[in-house]
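Worksheet: one structure, shown below.
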Amino acid sequence: MENVQDKIGYTFKKPELLEKALTHSSYANERKCESNERLEFLGDSVLSVIISDYIYRHLPGVNEGILSKYRASIVCEQSLFDISKKISLNTFVHLGKGEEMTGGRDRASVISDAFEAVLAAIYLDGGMEIARNWTINLMQDAIDDAISGHRYKDYKTMLQEAYQKGNEGKVTYRTISETGQDHNKVFEVEVLIDNVPQNKGQGKSKKEAEQNAAYIALKNAGK
């Protein structure tokens, strides 16, 4: 676990917390051990508090509606996935055989949940101030980009504008699946252009899944 701790930039007093944070439910089911779902539940709230507090203090005079939009773009699934890859978190998560074979390491929903679980583990191990410093240090660029409007734009609108010409290029979305418990739902949505399936996206809400699907479609098309 030393290599993992070096990579994420925090040394645990209780390494078993990190081990649990990296344990996906698919692996836990195979090994009959506890998964990272409870830690992810806690980490989601800790992350929201840290980012909310930061932008509240650094953006005086900005109303709550704009602050909410900034927070949503900073803590969205794709943002956490990108940041996780920078510290190679996706390479350390323990996955079950099926999840591994179906590309779980490149699935934003899986890795973003692991990020939140690791944050919760750091919070429990070292306290809020250490968790805050770790988070802001990793996410500073994402915060700055969100505030400047350069990050996680409305990809659905961008995709529509890229393809819609007269009656052609109609962009639609359909929900493929909805899995997980009520507090931890994962939605999978497929984007279609002129009723032709393009690709799929996942998210903790249908809206987020649609945005992720649109983002992937734009990226694949070189838009």
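No value in this document is a laboratory result; all are computed from the given coordinates. Small disclaimer: the values here were computed from a predicted structure and weren't measured. Here Cβ is always computed from backbone atoms with ideal geometry, including for glycine, and neighbour counts include all displayed protein chains.
For Lys14, the lysines whose Cα comes closer than 23 Å to its Cα, not counting residues fewer than 8 places off in the same chain, are Lys32.
Angle of helix 77-86 to the longest C-alpha principal axis of the chain, folded into 0 to 90 degrees and rounded to 10: 60°.
For Asn199, the residues whose modelled amide H falls within less than 5 Å of its own, excluding neighbours fewer than 5 places apart on the same chain, are Val191. Backbone phi angles across the range 3-12, fed through the Karplus curve with coefficients 6.51, -1.76 and 1.60 (θ = phi - 60°), yield HN-Hα couplings of 4, 5, 5, 4, 5, 7, x, 8, 9, 7 Hz in residue order; Gly and Pro are listed as x. Report, to the nearest 10°, how far helix 108-126 tilts away from the longest principal axis of the Cα atoms in the chain, using its own Cα long axis and a range of 0 to 90°. That works out to roughly 30 degrees.
The residues Ile176, Ile50, when put in order of fewest to most other Cβ atoms within 10 Å, stand as Ile176, Ile50.
Just subtract the alpha-carbon distance of Asp6 and Arg38 from 0.36 nm times their residue separation and send over the number in nm, one decimal.
On the way: separation 32, 0.36 × 32 = 11.52 nm, distance 2.42 nm.
Computed gain between Asp6 and Arg38 is 9.1 nm.
Partner lysines whose Cα lies under 20 Å from the Cα of Lys165, excluding those fewer than 8 positions away in the same chain, are identified as Lys156, Lys219, Lys223. As a proxy for reagent exposure, Leu67, Leu119, Leu95 were ordered by neighbouring Cβ count within 10 angstrom, fewest first; the result is Leu67, Leu95, Leu119. Taking the charge dipole of the chain about its Cα centre, with +1 at Lys and Arg Cβ atoms and -1 at Asp and Glu Cβ atoms, the residue from Ser112, Tyr155, Ile143 reaching farthest to the positive side is Tyr155. Between Asp154 and Glu64, the simple spin-label model (points 7 angstrom out along Cα→Cβ) gives 2.3 nm. Put in order of Cβ neighbour count within 10 Å, fewest first, the listed residues Ser177, Ser73 become Ser177, Ser73. The 3J(HN,Hα) values that the Karplus relation (6.51, -1.76, 1.60; θ = phi - 60°) gives for the range 90-96 are, in residue order, 5, 7, 9, 5, 7, 10, x Hz. Gly and Pro appear as x.
Relative protection proxy for 193-200, 140-147, from highest mean packing down: 140-147, 193-200 (other beta-carbon atoms within 10 angstrom). Of all DSSP beta bridges located in the chain, what percent are antiparallel, nearest 5? Close to 95 percent.
Could you list, in their original order, any pairs among Lys97/Lys207; Lys97/Lys200; Lys86/Lys206 whose Cα atoms are separated by more than 28 Å?
Numbers: Lys97/Lys207 30 Å; Lys97/Lys200 22 Å; Lys86/Lys206 26 Å.
Correct reply: Lys97/Lys207.
With helices as the sole contributors, the chain gives -19000 deg cm²/dmol at 222 nm; each DSSP H run of n ≥ 4 counts as -39500 (n - 2.57), and the sum is divided by every residue. Put a dot 7 Å past the Cα of Gln140, heading toward its Cβ, do the same for Thr102, and the two dots end up 4.0 nm apart.
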